[in-house]
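The values are calculated or read from the model by the stated rules, or taken from the named source; none is laboratory data. All of these numbers come straight from a predicted model, not from anything done at the bench. Counting neighbours? That spans all protein chains shown, and the Cβs are built from the backbone with ideal geometry, glycine included. Areas reflect the complete protein model, heavy atoms only, side chains present, ligands, DNA and RNA absent. Shrake-Rupley method; radii C 1.70, N 1.55, O 1.52, S 1.80 Å.
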Amino acid sequence: MHNGYYHFAEPKNETVLSYAPGSPERKGLQKAIADLKNEIRDIPMYIGGKEVRSNDKKEIRPPHEIGHLLGHFHASDASHINMAIDAAMEARQRWAETSWEQRAGIFLKAAELLATKYRFKMNAATMLGQSKNAYQAEIDSACELIDFLRFNVHFLSEIYKQQPLSPTGVHNRMEYRPLEGFVLAVTPFNFSAIGGNLPTAPAMCGNVVIWKPANTQVYSASVFMEILIEAGLPDGVINLIYPSGPTLGDICYKHRDFAGVHFTGSTGVFQSMWKSIGDNIALYKSCPRIVGETGGKDFVFVHPSANVDAVVANLARGAFEYQGQKCSAASRAYLPSNLAAEIKEKLCVELETMKMGIVDDFSNFINAVIDEKSFDNIARYIDGVKNSNGAARIICGGGYDKKLGYFVDPTVIETSDPRYVTMCEEIFGPVLTIHVYDADKWEDMLDVVDSTSPYALTGAIFSQDRYTIELMTRKLVNSAGNFYINDKPTGAVVGQQPFGGARASGTNDKAGSILNLYRWLSARTIKETMVPVTNYRYPFHEE
Ligand code: NAD
């Protein structure tokens, strides 16, 4: 602070625009989609404020329209990773010494630019690059990312205010320093907002960052980088590069100045990162902060007293929005025998109404899955059911086709075995598996829900009986980091439902909350004594 304690009030969540027919936002978004499709974008790396290009250009195509070329990005090799680390370390001191209100100003300006001038371009890039419909893009790349930026500015101000007691004659204070080194932000394909939050949260705290997005999110990540630059982010504070994961790890985890990793992605990748960091622990100047939000196998448990229509609507949204590619997506459901037939029938009727196709046609609810690797993986699980000799069966959907894009029908599997493979493993696609249980034994099923998968990310219960809600909430206390009562397990909002899970789902540092920001700070305690003692003796040893 410079000559004043400035106030950064708690913001309100950004309003979600409807994109209804005839609305100005619909027109604006459609134009932004057309503009992007008329251009072949050449996407550079951003290192030390400079655009850097390589000879290794990778194509970007919409997952739902693989015949169309959107552009290229310039893949990074080891030399670019080293350049990015050098640029970050060069920027570090000046950025760490920049006053909080000036740093905050940059991120608040970025939020404002995203809410206004860049909103449609950012949403259009997310729709085209990651195959999201207009609503899914709006809640992600516009609203959630704007919220992350504004709420984090507020939360960090609240941290800076926290100061220790000072008795008479002493002034104690806490200084929240950035980490001594660079932070690596490694981000997933499925949320542009996570892509933007993982580098900016540590940067806001005064850290310098190397940002590596998933290759399948580079298209929208580069639009966010444009916004940060226009907002005045100084050179070298966030460096955006596109190396392979292992090449990045080889260099960063062996670097003395590696200060932490802010990761979101799959559990296997996170575990391998942690292992490499552990192997190199003696090399580092300080103990690196390891923050990772990872996979899930998110449950919906339906009590015999549940409201059937609420269950159906929330399974339809919770399992199939964005083709089930949310870490929080409902992917296993436990239905009581007294309600199961009605829920299954109504759910299949609803799924039949979901149109699937390209994002430019706003009547499509379902678009494509992210890439061929993911498509093949999902198809493998579906084929497994078809060849399961009765252990499981498909009750709706089950089709897939990759001629024009990576399309998988919303699919519901039913199994009599609560430990069937699709009840346990993360599939990351539009596939929900249900198990029907004996309604009289609902309480026994809670142990199965708790112990079926290694994850503990999100989970939902449906019940109209308050005593059972209390019992389930208690018994499932460690089964999910985000627990929902009579609601779908997806759709966490910044400031309202801080997000993250435990067990194999990560470190549960709740992205977009005050808890997360503490991980990017290293406090220094300062004690100043006004009139120091001038004699070492105490009264107790006087004669
Ligand atoms: P992913 O693990 O394949 O990739 C995530 C990032 O890690 C990408 O940038 C990727 O390039 C990078 N990477 C891959 N291998 C690497 C390596 N060896 N070293 C360093 N980096 C490496 O995940 P994804 O497919 O992009 O995203 C889907 C996964 O993310 C799912 O498991 C999902 O549950 C999870 N996810 C979790 C949350 C959460 O908050 N818990 C949110 C979104 C996604």
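Yes/no matrix, rows are residues, columns are (1) open to solvent by 50 Å² or more (accessible area, probe 1.4 Å); (2) aromatic (Phe, Trp, Tyr):
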| residue | (1), (2) |
| --- | --- |
| ASP86 | yes, no |
| GLU97 | yes, no |
| GLU112 | yes, no |
| LYS117 | yes, no |
| ALA125 | no, no |
| GLN130 | no, no |
| TYR135 | yes, yes |
| ASP147 | no, no |
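When restricted to residues that are assigned to a helix (DSSP H, G or I), hydroxyl-bearing (Ser, Thr, Tyr) and in contact (Cβ under 8 Å) with a residue 60 or more places away in the chain, the range 458-472 contains 1. Would you call MET1 under 29 Å from TYR160 (Cα atoms), at pLDDT below 95 and not assigned by TED's automatic domain parsing to the domain that holds LEU184? So MET1 passes the test.
Only residues that are within 16 Å of the ligand (Cβ to nearest atom) and either surrounded by fewer than 20 Cβ atoms within 10 Å (Cβ to Cβ) or among the aromatic types (Phe, Trp, Tyr) (or both): list them for the range 275-297, please. LYS275, SER276, GLY278, ASP279, ASN280, ILE290, listed by residue number.
Collect the residues in the range 54-75 that are small (Gly, Ala, Ser) and in the same structural domain as VAL223 (by TED's automatic domain parsing), keeping them in residue-number order.
Of the residues in the range 54-75, the ones small (Gly, Ala, Ser) are 54, 67, 71, 75.
Across the range 54-75, the qualifying residue is only SER54.
Could you tell me whether any residue of the range 195-205 is among the aliphatic types (A, V, I, L, M), buried (at least 22 other Cβ atoms within 10 Å of the Cβ) and under 20 Å from THR490 (Cα atoms)? Looking through the range 195-205, at least one residue is among the aliphatic types (A, V, I, L, M), buried (at least 22 other Cβ atoms within 10 Å of the Cβ) and under 20 Å from THR490 (Cα atoms). When the range 358-398 is examined, which residues are found to be at positive phi and either touching a Cys at 6+ places or on another chain (Cβ under 6 Å) or buried (at least 18 other Cβ atoms within 10 Å of the Cβ) (or both)? Hits for the range 358-398 are GLY397, GLY398.
For the range 200-286, give me every one of the helices (runs of 4 or more DSSP H) that falls completely inside it and has 2 or more residues that are of a type in the set (Ser, Thr, Tyr).
So the answer is 218-230, 267-279.
Give, as residue ranges, the helices (runs of 4 or more DSSP H) completely inside the range 67-148 that count at least 2 residues that are among the aromatic types (Phe, Trp, Tyr). Per the criteria, 100-115.
Condition check ((1) out of contact with any Phe, Trp or Tyr (no Cβ under 8 Å at 6 or more places or on another chain); (2) of a type in the set (Phe, Trp, Tyr); (3) assigned to a loop (DSSP other than H, G, I, E, B)) across all residues:
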| site | (1), (2), (3) |
| --- | --- |
| ARG474 | yes, no, no |
| LYS488 | yes, no, yes |
| VAL494 | no, no, yes |
| GLN497 | yes, no, yes |
| ASP509 | yes, no, yes |
| ALA523 | no, no, no |
| LYS527 | yes, no, no |
| VAL531 | yes, no, yes |
| ASN535 | yes, no, yes |
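Checking the structure you have, find out if any residue of the range 235-243 is away from the ligand (no atom under 16 Å from the Cβ) and either outside the structural domain of GLY278 (by TED's automatic domain parsing) or open to solvent by 10 Å² or more (accessible area, probe 1.4 Å) (or both). I'd like the intermediate steps shown before the answer.
Keep residues of the range 235-243 that are away from the ligand (no atom under 16 Å from the Cβ), which gives 235-237.
The next check asks that each one be either outside the structural domain of GLY278 (by TED's automatic domain parsing) or open to solvent by 10 Å² or more (accessible area, probe 1.4 Å) (or both); those that pass are 235.
Within the range 235-243, one or more residues are away from the ligand (no atom under 16 Å from the Cβ) and either outside the structural domain of GLY278 (by TED's automatic domain parsing) or open to solvent by 10 Å² or more (accessible area, probe 1.4 Å) (or both).
Of the residues HIS154, HIS171, which is outside the structural domain of GLN323 (by TED's automatic domain parsing) and within 24 Å of the chain's Cα centre (by Cα)? Spell out the reasoning first.
Values: HIS171 fails: within 24 Å of the chain's Cα centre (by Cα).
Sole residue among the options that is outside the structural domain of GLN323 (by TED's automatic domain parsing) and within 24 Å of the chain's Cα centre (by Cα): HIS154.
Looking across the range 298-311, just one residue is in a helix (DSSP H, G or I) and open to solvent by less than 10 Å² (accessible area, probe 1.4 Å), and that is VAL311. Taking the numbered list (1) free of Cβ contacts under 8 Å to residues at least 40 places away in the same chain; (2) open to solvent by less than 20 Å² (accessible area, probe 1.4 Å) in turn, THR168 passes all entries but (2). Considering only the range 404-427, I want to know if a residue exists there that is surrounded by fewer than 21 Cβ atoms within 10 Å (Cβ to Cβ), away from the ligand (no atom under 16 Å from the Cβ) and free of Cβ contacts under 8 Å to residues at least 12 places away in the same chain. So far as the range 404-427 goes, no, none of its residues is surrounded by fewer than 21 Cβ atoms within 10 Å (Cβ to Cβ), away from the ligand (no atom under 16 Å from the Cβ) and free of Cβ contacts under 8 Å to residues at least 12 places away in the same chain. Per the conditions (1) farther than 27 Å from LYS402 by Cβ; (2) touching a residue at least 60 places away in the same chain (Cβ under 8 Å); (3) open to solvent by 50 Å² or more (accessible area, probe 1.4 Å); (4) not in a loop (DSSP other than H, G, I, E, B), the sole criterion not satisfied by GLU25 is (3). Among the residues of the range 484-530, those that are of a type in the set (S, T, N, Q) and either within 10 Å of the ligand (Cβ to nearest atom) or open to solvent by less than 60 Å² (accessible area, probe 1.4 Å) (or both) comprise THR490, SER505, THR507, ASN508, SER513, ASN516, SER522.
Taking the options SER266, SER220, name whichever one is in the same structural domain as TYR118 (by TED's automatic domain parsing), small (Gly, Ala, Ser), within 14 Å of the ligand (Cβ to nearest atom) and surrounded by fewer than 18 Cβ atoms within 10 Å (Cβ to Cβ). Show your work before the answer.
Numbers: SER220 fails: surrounded by fewer than 18 Cβ atoms within 10 Å (Cβ to Cβ).
It is SER266.
If you check SER337, SER305, SER272, SER363, which single one turns out to be of a type outside the set (D, E, K, R) and within 16 Å of the ligand (Cβ to nearest atom)? Step through it out loud before you land on a result.
Working: SER337 fails: within 16 Å of the ligand (Cβ to nearest atom); SER305 fails: within 16 Å of the ligand (Cβ to nearest atom); SER363 fails: within 16 Å of the ligand (Cβ to nearest atom).
Just one listed residue meets the conditions, SER272.
Within the set of pairs 6+ apart or on separate chains, which have a first residue in the range 58-79 that is touching a residue at least 24 places away in the same chain (Cβ under 8 Å), a second that is of a type in the set (Phe, Trp, Tyr) and open to solvent by 20 Å² or more (accessible area, probe 1.4 Å), and C-beta atoms under 7 Å apart? Between residues of the range 58-79 that are touching a residue at least 24 places away in the same chain (Cβ under 8 Å) and residues that are of a type in the set (Phe, Trp, Tyr) and open to solvent by 20 Å² or more (accessible area, probe 1.4 Å), the close pairs are PRO63/TYR406.
Residues that are acidic (Asp, Glu) and over 24 Å from SER266 (Cα atoms) number at least 1 in the following helices (runs of 4 or more DSSP H) confined to the range 321-426: 340-352.
Just a yes or no: is a residue in the range 457-466 touching a Lys or Arg at 6+ places or on another chain (Cβ under 7 Å) and either open to solvent by less than 20 Å² (accessible area, probe 1.4 Å) or at positive phi (or both)?
From the range 457-466, those touching a Lys or Arg at 6+ places or on another chain (Cβ under 7 Å) are 460; that's our starting set.
Now narrow it down to the ones that are either open to solvent by less than 20 Å² (accessible area, probe 1.4 Å) or at positive phi (or both): 460.
Within the range 457-466, one or more residues are touching a Lys or Arg at 6+ places or on another chain (Cβ under 7 Å) and either open to solvent by less than 20 Å² (accessible area, probe 1.4 Å) or at positive phi (or both).
Residue pairs whose Cβ atoms lie under 8 Å apart, separated by 6 or more positions or on different chains, with the first residue in the range 358-373 and closer than 17 Å to ALA34 by Cβ and the second within 16 Å of the ligand (Cβ to nearest atom) and assigned to a loop (DSSP other than H, G, I, E, B), are VAL359/SER131; VAL359/LYS132.
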